[in-house]
Amino acid sequence: MVDARSSSLSELARLGFEALSETVPKLEHLVKLVGDRGHAALAAISNSASPDRALDCLIRLAEADSKALAKLISKHEQAERLCRVLAASNGLADFLLRHPELISLFTRPVALPSESELLELDHSGQDSLKISYLTQLIRIVDFDLSQTDFRVPIQPVTAALSDLAGGALQGALAIAKKELTDEGRFAAEEIAGTQFAIIAMGKCGARELNYVSDVDVIYVVDGAGENVIDIGTKLATKLARIISEPSLEPGLWQVDPNLRPEGKSGALVRRLESHLSYYEKWAEDWEFQALLKARFVAGDADLGSAYEERIKPLVWARSNRAAIVENARNMRKRVLDLIPQQERDREIKLGRGGLRDVEFTAQLLQLVHGVTDESVRVSDTLSAVSALSDAGLLGRGDADTFRNHYQTLRAIEHRVQLSKLRRDHLFPNDESELRRIARGMQLSSVDLQEMWQRVR
């Protein structure tokens with residue numbers, strides 16, 4: 001352990017600090033607040049993605065409750081976990097500073113939350129839902145950052161994030177129903193009798209969601225009441241506001257319903273028969289590609305199951321496979337052409353050699369061969385790559401490369417999004433931020449840049 005009082009500036013630089021002239025006074029202040037345990041915490045601080053950020057946050061936590069923090073950092077493993085999260089994410093650090101009692105999370109064993117903890121969030125109010133969501137998010141991040149290989153946790157972490165989003169949607173729907181009932185515009189019995197199901201699309205539907213991403217959804221309603229569509233529309237509008245609008249806590253993410261039939265110009269909610277009629281008569285090829293990832297996540301389970309059973313088989317009923325492939329390729333080219341010139345070499349998700357290329361390759365192979373081979377009809381990208389390889393449709397060497405590169409790109413994207421807890425898919429060009437992302441992956445900035453270029 002290095003004693004802060006005798007640390008030279010060069011030694012602090014070696015430990016990863018950037019604001020060298022401010023570091024020693026800050027370390028001394030931490031020691032004043034928590035005693036000699038502040039000296040011992042230096043090792044945990046210096047092992048984090050940004051020692052400067054970790055130190056600043058520890059001081060503020062100590063000012064809120066010095067005894068609780070001193071007790072926690074008395075154990076090196078707990079101190080290291082806390083510092084990793086504080087340094088990796090400004091957004092989660094701010095959340096912990098608003099709720100310092102939650103540092104007790106780091107006294108528990110490292111583990112992903114259980115399914116019930118992810119799906120059954122506190123929905124007694126808008127802020128309670130967000131606090132419950134962010135509490136579980138910290139546990140997911142703690143698990144993610146505690147792994148020695150940044151590629152390994154990608155699949156379980158993205159599945160947990162998807163389930164957590166489903167829990168948020170379920171909780172927001174419960175709050176929306178209560179709000180609508182309290183308004184008195186519709187009879188409580190009519191609201192209760194309206195079946196309302198949320199179908200997740202995109203990454204949430206495939207259980208491969210990012211840390212911060214729009215959550216694509218489709219709404220289905222049913223029921224005998226004459227106001228079913230109006231009630232469903234009100235519920236959909238309210239739940240989106242509950243999740244995305246800031247209150248005492250910031251908004252979580254945007255709920256995006258634009259993959260619905262007819263997109264933005266279509267009805268926000270439809271009965272199941274209306275969905276079925278649209279896909280049978282009017283849907284374009286890309287919409288069937290999107291349906292690969294459709295999954296019921298919240299609301300009425302019977303209606304959600306009926307949607308999956310009646311709609312998803314249509315993906316494999318399209319006769320002109322060549323047209324689907326050609327249309328998907330053209331769509332991919334349009335996406336590339338729309339990327340601003342100054343961002344093309346930094347786009348982790350949409351750029352050439354990025355995540356979307358792996359995803360589209362897997363999806364096109366699925367659309368072509370899934371008509372006759374049900375084993376490749378899986379939703380998430382990593383499972384699709386494995387299924388295609390097992391079916392002899394993708395070489396094992398190519399499959400291993402796809403998996404490795406996909407997990408690498410997702411890990412970089414996750415670290416970028418965690419930084420400010422904001423939707424972002426651009427490789428960092430700021431030197432300090434690049435260094436932070438690299439250290440969070442236990443790499444040097446040069447190694448991270450080389451890996452990024454090699455994977456692309």
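Annotations for the structure displayed:
- Pairs of alpha carbons in region 127-273 whose separation is greater than 25 Å (percent): 34
- Sorting the segments 95-108, 216-229, 274-287 by their mean number of nearby beta carbons within 10 angstrom, highest to lowest, gives 216-229, 95-108, 274-287.
- For the peptides 263-269, 401-407, 239-245, the ranking by packing is 239-245, 401-407, 263-269, with the highest mean count of neighbouring Cβ atoms within 10 Å listed first.
- Cβ-based charge dipole, the chain, positive-most Cα from Ala387, Ser277, Cys83: Cys83
- Each residue of region 283-293 was assigned a 3J(HN,Hα) from its phi angle through the Karplus expression (A = 6.51, B = -1.76, C = 1.60, θ = phi - 60°), giving 4, 8, 4, 5, 5, 6, 4, 5, 5, 3, 9 Hz with x at Gly and Pro.
- J(HN,Hα) series, region 323-328, from Karplus relation 6.51 cos²θ - 1.76 cosθ + 1.60, nearest Hz, glycine and proline x: 5, 4, 5, 5, 5, 5
- Each peptide in 361-368, 293-300, 199-206, 64-71 gets a packing score, the mean of other Cβ atoms within 10 Å over its residues, and the list from highest to lowest is 199-206, 293-300, 361-368, 64-71.
- Dipole moment magnitude, nearest 20 debye, region 178-330 about Cα centre, only Lys, Arg, Asp, Glu C-beta charged: 520
- Shape of the chain, Cα gyration tensor, a/c cut at 1.5: oblate
- Degrees separating the helix 301-311 axis from the principal Cα axis of the chain, which is the longest one: 60
- Residue order for Ser48, Ser379 - accessible surface, 1.4 angstrom probe, largest first: Ser379, Ser48
- Judged by the gyration tensor of its Cα atoms, with axes a ≥ b ≥ c, region 212-353 is oblate; a/c meets the 1.5 cut and b/c is at least as large as a/b.
- Listed residues Ser66, Gln417, Ala301: farthest to the positive end of the dipole of the chain (Cβ charges): Gln417
- Amide H partners (placed H, <5 Å) of Leu209, local residues excluded: Ser162
- Helix axis angle, 76-88 relative to the chain longest principal axis, alpha carbon, degrees: 60
- Selection from Leu145, Leu134, Leu161, by position along the positive dipole direction of the chain (Cβ): Leu145
- Per-residue ³J(HN,Hα) for region 120-132, Karplus 6.51 cos²θ - 1.76 cosθ + 1.60, θ = phi - 60°, Hz, x for Gly and Pro: 10, 7, 5, 10, 6, x, 4, 6, 4, 4, 5, 5, 4
- Note: relative contact order over region 1-105, using C-alpha pairs below 8 Å and six or more positions apart, is 26 percent.
- Under-5 Å amide H pairs with Asp256, H placed in peptide plane, nonlocal only: Val215, Asp216, Val217
- Under the convention that each Lys and Arg Cβ holds +1 and each Asp and Glu Cβ holds -1, the size of the dipole of the chain around its Cα centre is about 820 debye.
The values are calculated or read from the model by the stated rules, or taken from the named source; none is laboratory data. Everything quoted here is computed from the prediction, not taken from an experiment. Here the Cβ is made from the backbone with ideal geometry for all residues, glycine too, and neighbour counts use every protein chain on show. Ligands, DNA and RNA are stripped out before the accessible areas are found, and what is left, the full protein with its side chains, is counted by its heavy atoms. Shrake-Rupley method; radii C 1.70, N 1.55, O 1.52, S 1.80 Å.
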